[in-house]
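The structure appears below as structure tokens.
The values are calculated or read from the model by the stated rules, or taken from the named source; none is laboratory data. Owing to the predicted nature of the structure, the values given are computational and were not obtained by experimental measurement. Because the Cβ atoms are built from the backbone with ideal geometry, glycine has one as well, and the counts that use them run over all protein chains shown. Heads up: the accessible areas ignore ligands, DNA and RNA and are worked out on the full protein's heavy atoms, side chains in. Shrake-Rupley method; radii C 1.70, N 1.55, O 1.52, S 1.80 Å.
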Amino acid sequence: MKAIELNHPLVEHKLAILRDKKTGTKEFREIISELGEILCYEAMKDAKTYEVEIETPMQKMKTRKINEDNYAFVPILRAGTGMLDGIINVVPNAKIGHIGMYRDEETFKPNVYFFKVPKDIEQREVLILDPMLATGGSGLDAIELLKEKGVKHLKFLCIIAAPEGIKAIEDKHPDVQIYCAKIDEKLNEHAYILPGLGDAGDRIFGTK
Ligand code: PRP
Ligand code: URA
């Protein structure tokens, strides 16, 4: 499956603010959350709906709703939690799992330090959240941990993706659809995305 890139002038505008090194923690956090919400709309375009009857102030009508129980959202800690606020705005009853990982600064390989997901996760479509898809190492580990739990339907939502990370996931898990706000140029020698936005976790939490 080809990665789906949001292509919209407003998204481009928000990304310009996000990438700017002068943008402070508050605005950075708000935009990460907003883009998380927009990506959620895009990734749930194919959501199944069921018919309900409601009454408007004017008359009865038949309309459609989604079953929120069919989904679970799994942010990769830390930075993925920044996308969660926006997602909860649109799917308020979302069940949420957490995968804690950090990249080793020398090998760039992810280390898993936490894994807690809803107990019926295998019955849900799972949307993994992480603003940055760089080498793809963290994404691959998250996908593999969730598949080991029996999850069959997975999507990966990120804000900026490097071609290297997209390729890594597409090669090993062609069934996992990637959604991103932007595909950037490449990685640098420290496996940071160029032009990118720097360290997403540090900018969300103000740790540097
Ligand atoms: C960042 C980012 C991803 C990972 C991407 O997390 O949020 O999880 O790096 O890189 P990869 O595709 O090469 O694995 P980081 O390890 O910096 O942890 P943090 O969210 O706690 O800052
Ligand atoms: N993680 C980040 O936060 N930023 C990058 O550019 C790469 C990995």
Which entries in the list 65/95; 45/155; 48/167; 48/152 go over 22 Å, if you measure between the two C-alpha atoms of each?
48/167
Largest-first ellipsoid semi-axes for segment 153-208, taking √(5λ) over the Cα gyration tensor eigenvalues, angstrom:
22, 14, 9
Farthest towards the positive end of the dipole of segment 76-182, among 88, 117, 133 and with Cβ unit charges of +1 on Lys and Arg and -1 on Asp and Glu, lies the Cα of 88
Could you check how much of the accessible area of segment 1-97 is carbon and sulfur, as a whole percent, using a 1.4 Å probe?
51
Estimated FRET transfer efficiency (residue 153, residue 52; beta-carbon r; R0 30 Å; 0.05):
0.80
Rh (Kirkwood; distinct C-alpha pairs) - segment 65-165, Å
13.7
For segment 93-149, what is the convex hull volume of its Cα atoms per residue in Å³?
86
Could you pull out every residue, at least 5 positions away or on a different chain, whose amide H is within less than 5 Å of the one on residue 5? Hs are placed 1.01 Å off N in the peptide plane, and Pro or chain starts have none.
180
Putting +1 on Lys and Arg Cβ atoms and -1 on Asp and Glu Cβ atoms, find which of 143, 204, 50 reaches farthest to the positive end of the dipole of the chain.
50
Once the piece of chain linking residue 1 and residue 185 is laid out straight, how much longer is it, given 0.36 nm per residue of separation minus the C-alpha distance between them?
64.3 nm
Using the Kirkwood radius built from alpha carbon pairs, what does the Stokes-Einstein equation give as D for the chain at 4 °C and 1.567 mPa s, in µm² per second?
74
Spin-label point model (7 Å from Cα, Cβ direction): what's the residue 104 to residue 41 distance in nm?
4.2
With only Lys, Arg, Asp and Glu charged, each at its Cβ (+1 for the first two, -1 for the last two), find how big the charge dipole of segment 43-155 is about the Cα centre; round to the nearest 20 debye.
300
Karplus ³J(HN,Hα) for segment 78-91 (6.51 cos²θ - 1.76 cosθ + 1.60, θ = phi - 60°; Hz, whole; x = Gly/Pro) runs 8, 4, x, 5, x, 7, 5, 3, x, 6, 5, 4, 9, 10
With all pairs of different alpha carbon atoms counted, what Kirkwood hydrodynamic radius in Å does segment 36-98 show?
13.3
Could you please state how large a percent of the accessible area of segment 165-208 is carbon and sulfur, counting protein chains only and using a 1.4 Å probe?
55
Treating only Lys and Arg (+1) and Asp and Glu (-1) as charged, each at its beta carbon, one finds that the chain has a dipole about its Cα centre, in Debye to the nearest 20, of 320
Would you mind working out the accessible area per residue for segment 1-90, using a 1.4 Å probe, and quoting it in Å²?
63
Sorting 19, 78, 64 on solvent-accessible surface, 1.4 Å probe, most exposed first, gives 64, 78, 19
Charge dipole magnitude, Cβ of K and R +1, D and E -1 - segment 147-208, Cα centre, debye nearest 20
300
Mind ordering 65-73, 125-133, 37-45, 5-13 by average Cβ neighbours within 10 Å, highest first?
125-133, 37-45, 65-73, 5-13
Using alpha carbons only, how many angstrom separate the centre of segment 46-121 from the centre of segment 131-196?
18
